[in-house]
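S.K.: The structure's right below; bear with me while I get my questions together.
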Amino acid sequence: MADEQKQTKLGSNPTRRDFLKLIWTGLGVLALAEAGGMAVAFSLPRIAEGEFGGVVTAGPVDDFPRNSVTPFNQGRFYLSRLEDGGFLALYRKCTHLGCAVPWEPTEGRFMCPCHASAFDAKGNVLNPPAPRAMDLFPVLIEDGIVKVDTGTVIQRDKFDPSQVVYP
Amino acid sequence: MADSNTASQPSTRFVSRVWRSIFRRPLVPRSDRERKLMVLDSLILHIHPSTVPEKTLQLSLTWGLGGMAAILMTILLVTGVMLMFAYTPSPAQAYNDILNLQTNVWFGQLVRNLHHWSGNAMLVVAFLHMLRVFFTGGFREPRQFNWIVGITLLLLTVGANFTGYLLPWDQLAYWAVTVGTGLVEYIPLVGKWIQTVILGGPEVGAATLLNFYGLHIALIPIAMLSLMSYHFWRIRKDGGVVIPRVPDEPGEQKVSRVTTIPHLVLRELVVALVLIAAILLFSMAVNAPLEELANPDVSPNPAKAPWYFLGIQELLLHFHPLVAALVIPTLTLGALILLPYFDADLDSVGVWFRSYKGRRMALEAAMIGLVGTPLLVLADEFVIDFVGWLPSLPTLVSNGLVPLAMVLLLLIGFYDWMKKRFAATNCETVQATFVLLLTAFIVLTIVGIWFRGPGMALMWPWDVSSAVVGH
Ligand code: HEM
Ligand code: FES
């Protein structure tokens, strides 16, 4: 009995057994990894066409006076037209913890009701705790019509003139 | 074996045969031997040993807290399944279903209240249970791993509460979950991705509701039930609960044991009945909150996370989000998990607060926390302004690392000072530091719940309630 065991330990059988063991373990780990990957892929967000996340047509350029901020609730953004006639589409989600930031026309600033962050018409932070300027959506102007692509969120630290889109 | 002389009638003999096919033993045990056998034979009772050390029966050891958590879980399962018959997890339906439940379904409001208050009570009870285990030394060898299982159960309880919070789809639910998941975004590199997966999109919406529902009714309860079974089994494998002792006296050599039936089972029954009565009375008197239908266009002022996250939300007002939402919670959790592997003071297992000295130190630490935390909150509100004082540094440093370093220095100073003054052991001083942090956490949570009004301004509780009602 003892002799036999010794033999199998030293003989050629064990290599085959070790090899099979390795294969089994490898296959097991692979199967687990696949199952894990599948679970993650399964839980990825599923955004339907046409919902918030698509391209929103805001309207003709001339509908938006200079120095104005127009809310688009469905698209979840504000179209801000600056003094020089340029456009910014500001995502209304507060960069602090995600509340919906209303525009206060009398104060001329965005004021978050949740923890008192404030932003100017360019989205710059006037008052913390918000850590960075309001996010942007890309603005496209085709044939004098302003469109906003709400599918792409552009994060930025603060306002920069290169972000403005001119008709 | 069966008492054949009474079973003269064929029909009674049949009934008794059926009875015996289900229960092998007489319904009422007549001797200690039968009492022990009854525990061994019963599916439910056999989570207990057949006898227990007499001293562990004292209410002042466990306060019945672990058992209460189990009872609450049972109430939650029963009422939760009932709610499932009245509820649809879609933004178009959810809120109406809750309204309908409250007005048109017999006992619908009561069932909802029971579920709501039991969920909240479970958080409190599980937290107190953790404190009990900590302060009686129940986390030390050989119980280290069950301590970690317990922490996981507490986290799952938080998860169950948070996912349930969204389901009524009212303003409270919508914005509390928005703000609560907003914290996740501050995790470096992967935060945004994790948040998007949890929410099923960029914002709280239909996908979020479905995600939370699945987590709330299936994944989390199943995980909790499995872990609870393991937790109970582990208690027995680790030699039962700790045996209470008086400081400075050696434990008895010979442990006197009594039968589980009736001594332990009766006490459990009393705790269960008192708890059920209390929850029922409370649910008859106080309705679970429900505000207007969720409106993604309008955030309420103030928008607060659920109450159990308000300690963290309060930290957010004082520290950079990365520090408040990630560094501090991770450090705390890591310390709690590693604690039993570094604190091996086996002499004090079963002694409340380890020793008389430990008790005095804990009391003093609690006092310092009680006075010091509000002072620090006020100082940061009105005096301290690192961002203004250090304008050239990024806010992560000026508002994050600098105040964090100051807090850590304060803690080290406290540790050193206490240890020297009391000539205490490391373990006693670690306990005092734990008490200090615990008190600070509780004070911050209280400030967040009752002292923060519109715009998160500091104000008195009566001003907060009038401002919110007026709103
Ligand atoms: C594990 C412990 C559990 C906790 C801590 C918990 C907590 C909560 C909370 C806080 C709510 C919000 C209720 C409200 O505001 O009224 C809720 C709702 C709900 N829960 Fe649970 N729950 C638990 C287990 C379960 C289980 C096991 C089920 C079903 C199998 C369930 C089904 C539901 C349903 C359908 C709702 C929506 C109805 C409503 O919001 O009133 N829950 N839960
Ligand atoms: S979410 Fe806007 S300030 Fe906190």
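The values are calculated or read from the model by the stated rules, or taken from the named source; none is laboratory data. These figures come from a predicted structure and were not determined experimentally. Every residue, glycine as well, gets a Cβ built from its backbone with ideal geometry; the counts of neighbours run over all protein chains shown. Note: areas computed on protein heavy atoms with side chains; ligands, DNA, RNA excluded. Shrake-Rupley method; radii C 1.70, N 1.55, O 1.52, S 1.80 Å.
S.K.: Quick one: pull the percent of accessible area on the protein assembly as shown belonging to carbon and sulfur, 1.4 Å probe, ligands and nucleic acids left out.
M.R.: On the way: 23490 of 34890 Å².
Here it works out to 67 percent.
S.K.: As I understand it, the dipole of the protein assembly as shown uses +1 on the Cβ of Lys and Arg and -1 on the Cβ of Asp and Glu, about the Cα centre. Which of A:P105, B:A424, B:L57 lies farthest toward its positive end?
M.R.: So the residue we want is B:L57.
S.K.: So how far, in whole Å, is the C-alpha centre of the stretch B:312-327 from the one of the stretch A:124-139?
M.R.: Centre-to-centre distance over Cα atoms comes out at 19 Å.
S.K.: May I ask you to evaluate 6.51 cos²θ - 1.76 cosθ + 1.60, the Karplus curve with θ = phi - 60°, for each residue of the stretch A:125-130 and list the ³J(HN,Hα) values in order in whole Hz, giving x for glycine and proline?
M.R.: Values per residue, Gly and Pro as x: 6, 9, 8, x, x, 3 Hz.
S.K.: Another question about this same structure. Out of residues 5 or more away from B:D170 or on other chains, whose amide H comes under 5 Å of its own, with H placed 1.01 Å from N in the peptide plane?
M.R.: Sorted by chain and number, the residues that satisfy this are B:A294.
S.K.: Quick one: accessible area per residue over the protein assembly as shown, 1.4 Å probe, rounded to a whole number of Å²?
M.R.: On the way: 34890 Å² over 638 residues.
Here the residues of the protein assembly as shown average 55 Å² of exposed surface.
S.K.: Could I ask something else about it? If you place +1 on the Cβ of every Lys and Arg and -1 on the Cβ of every Asp and Glu, how big does the dipole about the Cα centre of the stretch A:55-144 come out, in debye to the nearest 20?
M.R.: Details: 8 positive and 10 negative charges, 84 e Å.
For the stretch A:55-144, the charge dipole is close to 400 debye.
S.K.: How large is ³J(HN,Hα) for each residue in the stretch A:88-93, as worked out from phi by the Karplus curve 6.51 cos²θ - 1.76 cosθ + 1.60 (θ = phi - 60°), to whole Hz, x for Gly and Pro?
M.R.: The phi angles translate into 9, 9, 9, 5, 7, 6 Hz.
S.K.: Related question: What does the structure give for A:100-107 when I average, per residue, the other chain Cβ atoms found within 10 Å of the residue Cβ? It would help to have the intermediate numbers written out before the result.
M.R.: Working: counts 9, 1, 4, 0, 0, 0, 0, 0.
Partner-chain Cβ atoms within 10 Å, mean over residues of A:100-107: 2.
S.K.: Less than 12 Å Cβ to Cβ from B:R245, Lys/Arg counted +1 and Asp/Glu -1: what total charge do the surrounding residues give? Don't skip to the end; give the middle numbers.
M.R.: On the way: positive: B:K55, B:R354; negative: B:D248, B:E249, B:E252, B:D347.
Here the charged neighbours net out to -2.
S.K.: Sort B:S11, B:S355 from largest to smallest accessible area, using a 1.4 Å probe on the heavy atoms of the protein chains.
M.R.: Order by accessible area, largest first: B:S11, B:S355.
S.K.: How many Cβ atoms of partner chains, on average, are near each residue of A:66-74 if near means within 10 Å of its Cβ? All intermediate terms of the calculation are to be shown ahead of the outcome.
M.R.: Numbers: counts 0, 0, 0, 0, 0, 1, 0, 4, 1.
If you average over the peptide's residues, the count of other-chain Cβ atoms is 1.
S.K.: I've got another one for you. Beta carbons within 10 angstrom, averaged per residue: use that to sort the peptides B:259-267, B:103-111, highest first. Provide the component values of the computation, followed by the final result.
M.R.: On the way: B:259-267: 17.2, B:103-111: 14.1.
For the peptides B:259-267, B:103-111, the packing ranking is B:259-267, B:103-111.
S.K.: Rounded to the nearest 20 Debye, what is the dipole magnitude of the stretch B:345-436 about its Cα centre when Lys and Arg each give +1 and Asp and Glu each give -1 at the C-beta? Walk me through the numbers before you get to the answer.
M.R.: On the way: 7 positive and 8 negative charges, 85 e Å.
The calculation lands at about 400 debye.
S.K.: Any idea what the dipole of the protein assembly as shown comes to, in debye rounded to 20, about its Cα centre with Lys/Arg Cβ at +1 and Asp/Glu Cβ at -1? The partial results should precede the final answer.
M.R.: Details: 48 positive and 48 negative charges, 654 e Å.
Magnitude of the dipole: close to 3140 debye.
S.K.: Quick one: Karplus J couplings for the stretch B:402-418, per residue in order, coefficients 6.51, -1.76, 1.60, θ = phi - 60°, nearest Hz, x for Gly and Pro?
M.R.: Karplus values, whole Hz, x for Gly and Pro: 5, x, 5, 4, 4, 5, 5, 4, 4, 5, 4, x, 4, 4, 4, 4, 4.
S.K.: Antiparallel DSSP bridges in the protein assembly as shown: what percent, to the nearest 5? Please report the intermediate quantities before stating the final value.
M.R.: Values: 35 of 36 bridges.
Antiparallel bridges make up about 95 percent of those DSSP assigns within the protein assembly as shown.
S.K.: Average partner chain C-beta neighbours within 10 Å, per residue of B:201-208? Could the numbers behind the result be given before it?
M.R.: On the way: counts 7, 12, 7, 1, 4, 2, 4, 1.
Counting Cβ atoms of other protein chains within 10 Å of each residue's Cβ and averaging gives 5.
S.K.: In addition: Once the other residues with Cβ under 12 Å from the Cβ of B:Q171 are scored (Lys, Arg +1; Asp, Glu -1), what is the net sum?
M.R.: On the way: positive: B:K304; negative: B:D170, B:E291, B:E292, B:D297.
Local charge sum for B:Q171: -3.
S.K.: Name the residues whose placed amide hydrogens come within less than 5 Å of the amide hydrogen of A:N127, ignoring near sequence neighbours (fewer than 5 apart) on the same chain.
M.R.: Sorted by chain and number, the residues that satisfy this are A:A118.
S.K.: Compute the separation of the alpha-carbon centres of the stretch B:343-385 and the stretch B:221-285 and state it in Å as a whole number.
M.R.: If you average the Cα positions of each part, the centres end up 28 Å apart.
S.K.: Could you give me the radius of gyration and the Dmax of the protein assembly as shown, taking only the C-alpha atoms into account and expressing both in angstrom?
M.R.: Answer for the protein assembly as shown, Rg first and Dmax second: 30.3, 106 Å.
S.K.: Once you list every other residue whose beta carbon is under 14 Å from the beta carbon of B:L316, what net charge do they have if Lys and Arg are +1 and Asp and Glu are -1? Walk me through the numbers before you get to the answer.
M.R.: Details: positive: B:K304, B:R452; negative: B:E185, B:E314, B:D380, B:E381.
Neighbour charge sum, excluding B:L316 itself: -2.
S.K.: What distance in nm separates the two pseudo spin-label positions at A:V40 and B:A86, each 7 Å out from Cα along the beta-carbon direction?
M.R.: 4.1
S.K.: While we're on this one: Would you mind giving the total buried accessible surface between chains A and B, with a 1.4 Å probe and ligands, DNA and RNA left out, rounded to the nearest 100 Å²?
M.R.: Details: alone 11140 and 25900 Å², together 34890 Å².
Buried area (both sides, nearest 100 Å²): 2100 Å².
S.K.: Select from B:I337, B:T433, B:L404 the residue farthest towards the positive end of the dipole of the stretch B:335-471; place +1 on Cβ of Lys and Arg, -1 on Cβ of Asp and Glu, and compute about the Cα centre.
M.R.: B:T433
S.K.: Per residue of chain B, what 222 nm ellipticity follows from adding -39500 (n - 2.57) for every DSSP H run with n ≥ 4, rounded to the nearest 500?
M.R.: On the way: 19 runs with 293 residues, N = 471.
Computed mean residue ellipticity for chain B: -20500 deg cm²/dmol.
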